[in-house]
Amino acid sequence: MSTRLNTEVLIVGSGISGLLCAIELAKSRKVLILSKSHTDDCSTSWAQGGIAAAINDQDDVKKHAEDTILNGHYICDNESVLKIIKQGKDSIDLLIKYGVDFNKNGKNLKQTLEGGHSKRRIAYHNDNTGEEIHTSLLKKAKSNKNITIKENIMAIDLIGDKDKHCEGLYAYDDISRSVITVQANITILATGGASKIYQYTTNPDTSTGDGVALAYRFGCTISNMEFIQFHPTCLYHSKEKSFLISESLRGEGAKLVNPDGEYFMNKYDIRGELAPRDVVARAIDIEMKNNSYKCVYLDISFKSKGYILKRFPNIYKKCLMLGIDISKSTIPVVPAAHYTCGGIRTNVSGETDCPNLFAIGEVAHTGLHGANRLASNSLLECSVMAMECSKMINRKNIPLREKALPLWNDSYVTEGCDENILISHNWAELRKIMWNYVGILRTDKMLNRAKEKLSVINSEINEFYHTHKISKDLLELRNIIDVANIITDAAIIRKESRGLHYNKDYPVTKDEFNKPTELKNTKKDFIMKLVSKA
Ligand code: SIN
């Protein structure tokens, strides 16, 4: 049975950007937040490091901006960089106002160092900053009468008129297994990244690129998706596949060592362990491939146990549960997909090409990260975008809707009885293809092979989608195949190496590619197709 929901503002996603934007908007608007699983299942909760902001005497906005642009290999949008970095203090103050408890030294916030930063500028809460931020914001949002949060509801596709004015979306209720038509004057995508598209990732299962897939199918411009950031140090353990070993360990002096006992980072970059992430992840990848190592190791055991317990309590506990005492032995690590630097093209307020549709946080591409995100700039971007987006929407005179959008109609499709096998097989296959052919090191041959393999899976999924009843797994699979194609297409277009995109056939950076990649779905029949399904 199909139902309808009406809201002034709809936010899809319940991470830092979705929650903060909702809290700010709820001062004058009614907000509905949809979370596709439980509200705790988001990348924000898993973020360990912290939030970068030039707020101490040794630092300033100019230095932070310079580090960001240098790490971004000169394809950042300098206007966005400045606008976001200038608001570091404001966003930290706002988070503190909403209950976030950053570690302090007397009255001042403690700040740590991470790769690519020339100053100690990462404000943090132990080694679980994201969890602290998320818990505080969720509590605040839940107690606000103007905010309604609905869990287990996943966006399917955006709805709009022929001029791409967004009018809401179809959403799948995973509990009642029915489709809801959500009518919204303003729709904000805050769905996070797409790292789950890769076989190895530091992200939760929810990072399936939903927002990018929805926006692409709707007709928004998608930018720089070839720049997938691989975090150098994901725990390598058979029982724990996605646990991050925070970069702040290297910030506090931890060293990378290969299984032959060699401290290898200085061979690759004079900045050693504190070189930018693209450099460190590639160095580890080369060490592993050239020597057939299964992993390398991170060593912080030279610090006292007391220090480690106080500074990295969660990492210590997690590793100990798996039999690794990090105060005595090294930690096995491998690189893993961590952050989507590209996304839906927006300005800092989250405005997309399509009227009434906004995108904020990791799903968006403001140009802050360029070809490689500077560590801990993401929570900063998320909070600044949430603040700017809410300001922009609060200034808007939102028109009242007159027409009722069509209900979903799937009376002509069949139950998906063989669905589980198809979904799990294609899901595993797709993630392997992306890891092997569109990973840290790429070549033209690898990228073209990926396209061929993806095209077979693409046809299978599309055929299945249009003839069977939907499920959350099928919707996620449909999104990840679309985003896998977008990443591969963008990687094929960029015939150079820059930051996170390394193509062995074009090992140098070229001036002609000194700009973001842009992809747009030009299929005119999309809305028609959607209506015929609906
Ligand atoms: C980390 O703690 O290493 C992650 C921080 C980030 O991705 O910015």
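Starting from residues that are touching a Phe, Trp or Tyr at 6+ places or on another chain (Cβ under 8 Å) and assigned to a helix (DSSP H, G or I), keep the ones in segment 213-223 and report whichever is surrounded by the most Cβ atoms within 10 Å (Cβ to Cβ).
That would be Phe218.
Tally up the residues in segment 318-360 that are more than 16 Å from the ligand (Cβ to nearest atom) and farther than 30 Å from Ile11 by Cα, please.
11
Counting only residues that are touching a helix residue (DSSP H, G or I) at 6+ places or on another chain (Cβ under 9 Å) and assigned to a strand (DSSP E or B), which one in segment 231-248 is farthest from Val279 (Cα to Cα)?
Glu240
Could you say whether any residue in segment 19-41 is at pLDDT below 95 and in contact with a Pro (Cβ under 6 Å, 6 or more places away or on another chain)?
The answer is yes, given that some residue of segment 19-41 is at pLDDT below 95 and in contact with a Pro (Cβ under 6 Å, 6 or more places away or on another chain).
This table checks each residue for (1) without any contact (Cβ under 8 Å) to a residue 24 or more places away in the chain; (2) within 15 Å of Val12 (Cα to Cα); (3) not hydrophobic (A, V, I, L, M, F, W, C).
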{"position": "Ser28", "(1), (2), (3)": "no, no, yes"}
{"position": "Val31", "(1), (2), (3)": "no, yes, no"}
{"position": "Ser45", "(1), (2), (3)": "no, no, yes"}
{"position": "Ala52", "(1), (2), (3)": "no, no, no"}
{"position": "Asn56", "(1), (2), (3)": "no, no, yes"}
{"position": "Thr68", "(1), (2), (3)": "no, no, yes"}
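Here is a list: Glu226, Glu287. Which entry is outside any helix (DSSP H, G or I), away from the ligand (no atom under 15 Å from the Cβ) and within 28 Å of the chain's Cα centre (by Cα)?
Glu226
Kindly check whether there is at least one residue in segment 256-267 that is among the basic types (Lys, Arg), touching a strand residue (DSSP E or B) at 6+ places or on another chain (Cβ under 8 Å), at pLDDT 95 or above and outside any loop (DSSP other than H, G, I, E, B).
Within segment 256-267, none of the residues are among the basic types (Lys, Arg), touching a strand residue (DSSP E or B) at 6+ places or on another chain (Cβ under 8 Å), at pLDDT 95 or above and outside any loop (DSSP other than H, G, I, E, B).
Answer yes or no: is there a residue in segment 106-120 that is part of a helix (DSSP H, G or I) and over 17 Å from Arg250 (Cα atoms).
Looking for residues that are part of a helix (DSSP H, G or I) and over 17 Å from Arg250 (Cα atoms), one finds none in segment 106-120, hence no.
Of everything in segment 14-52, what is aliphatic (A, V, I, L, M) and either within 13 Å of the ligand (Cβ to nearest atom) or assigned to a helix (DSSP H, G or I) (or both)? Give them in sequence order.
Ile16, Leu19, Leu20, Ala22, Ile23, Leu25, Ala47, Ile51, Ala52
Quick one: in segment 229-273, which of the residues that are free of Cβ contacts under 8 Å to residues at least 60 places away in the same chain and among the acidic types (Asp, Glu) is farthest from the ligand (Cβ to nearest atom)?
Going through the qualifying residues, I end up with Asp260.
Condition check: hydrophobic (A, V, I, L, M, F, W, C), within 15 Å of the ligand (Cβ to nearest atom), surrounded by 22 or more Cβ atoms within 10 Å (Cβ to Cβ) and over 18 Å from Pro313 (Cα atoms). Does Ile85 satisfy that?
Yes; evaluated as a whole, the condition is true for this residue.
What strands (runs of 3 or more DSSP E) completely inside segment 132-188 contain at least 3 residues that are buried (at least 19 other Cβ atoms within 10 Å of the Cβ)?
Filter on segment 132-188 gives 153-160, 166-173.
Are there any pairs, at least 6 apart or on different chains, whose C-beta atoms fall under 8 Å, with the first in segment 482-507 and at positive phi and the second modelled with pLDDT under 95, and if so, which?
Gly499/Asp278
So if I check each of Ala386, Ala375, Ala371, which one is under 26 Å from Gly116 (Cβ atoms), in a helix (DSSP H, G or I) and of a type in the set (Gly, Ala, Ser)?
Going through Ala386, Ala375, Ala371 in turn, the sole match is Ala386.
Go through (1) crowded, with 17+ Cβ neighbours inside 10 Å; (2) among the small types (Gly, Ala, Ser); (3) without any contact (Cβ under 8 Å) to a residue 24 or more places away in the chain one by one and return the number of the condition Gly106 breaks.
So Gly106 meets the others, but not (1).
The values are calculated or read from the model by the stated rules, or taken from the named source; none is laboratory data. Because the structure is a prediction, the values reported are computed rather than measured. Glycine gets a Cβ as well: all are built from the backbone with ideal geometry, and neighbour counts include every protein chain shown.
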